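The values are calculated or read from the model by the stated rules, or taken from the named source; none is laboratory data. Owing to the predicted nature of the structure, the values given are computational and were not obtained by experimental measurement. A quick note on method: Cβ atoms are made from the backbone with ideal geometry, for glycine too, and the neighbour counts reach across all protein chains shown. For the accessible areas, the whole protein counts, side chains as well, though only heavy atoms, and no ligand, DNA or RNA atoms are used. Shrake-Rupley method; radii C 1.70, N 1.55, O 1.52, S 1.80 Å.
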Amino acid sequence: MASLTVYGKLRGAVTPPASKSITHRYLICAALADKKTVIRDFCDSMDTRATINCLKSLGAGIEIEGSDITVTPIGRNRLPAGCTLDCQESGSTLRFMLPLVSALGCGATFTAGGRLPERPLSPLYEQLLEHGMKLGGNGIMPLTAAGALTPGDFTIDAGISSQFTSGLLMALPLLDAGSRIVLSGKRESAPYIDMTVSVLKQFGVSVYESRDTFTVPGNQTFRSPVSVTVEKDWSAAANWLVAGCIGGSIECLGLEWPGSLQGDRRIVELLRSMGARIETGSGVRVLPSRLHGIDADCSDIPDLVPALAVAAATAQGESRLTGIGRLRLKESDRIESVCSMLRSFGIQCSATDDSIHICGGYPHCATACPQGDHRIAMASAVLATAADGESTIKNVDCTAKSYPDFFRDFRNLGGRTIERK
């Protein structure tokens with residue numbers, strides 16, 4: 001994998017990629033619909049390709065032309081028996097496809113790479129077992145799924161992963177009777193569940209929410225809206241918005257504000273609370289700003305933590321990012337990876353099981369290892385633009401997981417990169 005030496009101040013305009021989270025959901029709903037759907041401006045990344053390939057293995061027809069993708073639905077009467085679904089390193093793919101295969105009743109063997117086999121499947125795994133599924137491997141890859149999911153009440157700990165709830169929400173409408181999803185514990189990453197419900201509504205599927213319970217009627221038909229357009233990704237844009245604070249003026253084009261489906265739109269509110277000068281209109285423009293520290297509960301916005309950590313590293317005073325315990329179960333132990341990144345640039349920080357404490361300062365040039373984590377690699381590149389010299393980031397290919405063109409856009413904004421062997 002390539003390493004890059006990076007430096008230079010960033011300024012200008014950039015169009016972030018389409019939302020990876022919304023693309024996953026559109027692809028699955030389109031594959032379950034009553035007729036073809038065109039998904040415009042989809043996110044083409046390693047994670048979404050994993051979902052595309054799994055849906056193709058289940059019989060969906062998928063044609064890609066430029067930034068558009070046409071999905072022909074899975075033939076419910078022509079389901080393959082016992083296919084292999086390679087989820088690669090995509091947690092969304094695995095946690096969405098496992099309930100879907102269970103509801104379709106076709107059976108499959110799931111494989112995965114990277115750290116994904118180590119990431120939790122409980123309590124989804126146990127709930128599927130209680131509702132008619134036979135799952136081999138005790139949750140260890142490769143995992144075989146056989147049987148047919150039965151309707152009923154599914155109890156999910158909402159503090160582990162919102163993806164379990166989203167996967168069930170997309171699968172349960174296919175069953176022949178209604179079901180309920182009962183959430184226990186503190187609900188985290190709630191905006192991602194709201195996003196799923198919104199996408200289902202676009203495909204004519206009804207879900208009813210009351211406090212901590214989702215009621216999902218059975219025998220529903222996914223009705224194609226014919227064409228949908230994926231909004232731009234706020235998680236990716238957060239890197240450029242932070243770069244605008246610490247470098248030159250940067251405008252992110254095409255972001256939906258303030259009505260985005262994505263919880264990570266909160267980056268605007270959080271940077272403003274740190275003193276950032278931000279203008280919103282046809283795009284979101286950030287001007288060079290003197291930032292100060294912040295205390296932020298990130299339980300609903302865990303994907304923003306690396307970018308927020310960069311902002312905190314260059315701010316005056318101290319910052320605390322809390323509610324982030326689940327980050328230890330991402331592509332890397334993301335709490336440790338963030339701290340390692342900051343320390344490599346000379347920024348003082350400490351961590352607990354659920355938080356990071358950052359002392360703002362002046363980053364020095366560094367060699368950073370993102371530990372195979374796409375969000376750490378991108379955050380490291382942004383922090384390098386505030387450093388006092390050239391920095392090297394190892395194994396930058398991991399950015400392809402969500403943002404394959406990140407370093408192209410970095411260079412278009414004036415950043416300099418030199419490839420190292």
| task | Pairs only if they're at least six apart or on different chains, beta carbon under 9 angstrom, first in region 196-218 and without any contact (Cβ under 8 Å) to a residue 12 or more places away in the chain, second open to solvent by less than 70 Å² (accessible area, probe 1.4 Å) and in a loop (DSSP other than H, G, I, E, B); list them, first residue then second. | result | LYS201/VAL207; TYR208/PRO217
| field | Verdict on GLY293 being among the small types (Gly, Ala, Ser) and either free of Cβ contacts under 8 Å to residues at least 60 places away in the same chain or in contact with a Ser or Thr (Cβ under 7 Å, 6 or more places away or on another chain) (or both) | value | yes
| message | Given the criteria buried (at least 24 other Cβ atoms within 10 Å of the Cβ), of a type in the set (Val, Ile, Thr), over 22 Å from ARG277 (Cβ atoms) and touching a strand residue (DSSP E or B) at 6+ places or on another chain (Cβ under 9 Å), does ILE324 qualify? | response | yes
| field | Matching strands (runs of 3 or more DSSP E) fully within region 35-83 where at least 2 residues are in contact (Cβ under 8 Å) with a residue 60 or more places away in the chain | value | 37-40
| said: Can you say whether SER102 is modelled with pLDDT of 95 or more, over 22 Å from the mean Cα position of the chain (by Cα), surrounded by 23 or more Cβ atoms within 10 Å (Cβ to Cβ) and within 20 Å of LEU174 (Cβ to Cβ), as far as the supplied structure shows? | reply: yes
| field | Matching residues, region 135-154, being open to solvent by 30 Å² or more (accessible area, probe 1.4 Å) and either in contact (Cβ under 8 Å) with a residue 24 or more places away in the chain or touching a Lys or Arg at 6+ places or on another chain (Cβ under 8 Å) (or both) | value | MET141, PRO142, THR144, ALA146, GLY147, ALA148, THR150, PRO151, ASP153
| Among the helices (runs of 4 or more DSSP H) confined wholly to region 330-421, which include 1 or more residues that are among the acidic types (Asp, Glu)? | 334-344, 406-412
| query | Are any residues in region 15-43 open to solvent by 10 Å² or more (accessible area, probe 1.4 Å) and within 30 Å of GLY389 (Cα to Cα), and if so, which ones? | reply | THR15, PRO17
| request: Check GLY259 against each of (1) over 29 Å from ASP373 (Cβ atoms); (2) in contact (Cβ under 8 Å) with a residue 24 or more places away in the chain and name the one condition it does not meet. | output: (2)
| query | Within region 268-310, how many residues turn out to be open to solvent by less than 60 Å² (accessible area, probe 1.4 Å) and assigned to a loop (DSSP other than H, G, I, E, B)? | reply | 13
| request: May I ask you to list the residues in region 251-286 that are at pLDDT 95 or above, within 25 Å of SER189 (Cβ to Cβ) and of a type in the set (D, E, K, R)? | output: ASP264, ARG265, ARG266, GLU269, ARG272
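Working only within region 107-150, note down all residues that are in a loop (DSSP other than H, G, I, E, B) and of a type in the set (D, E, K, R).
Those that are in a loop (DSSP other than H, G, I, E, B) and of a type in the set (D, E, K, R): ARG115, ARG119.
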| Which numbered condition trips up SER92, out of (1) surrounded by fewer than 24 Cβ atoms within 10 Å (Cβ to Cβ); (2) part of a helix (DSSP H, G or I); (3) over 19 Å from the mean Cα position of the chain (by Cα)? | (3)
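Return yes or no: is ALA313 of a type outside the set (Val, Ile, Thr), over 19 Å from the mean Cα position of the chain (by Cα) and crowded, with 24+ Cβ neighbours inside 10 Å?
In short, yes.
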| query | Among the listed residues GLY185, GLY248, GLY218, which satisfies the condition of being more than 24 Å from the chain's Cα centre (by Cα) and modelled with pLDDT under 95? | reply | GLY248
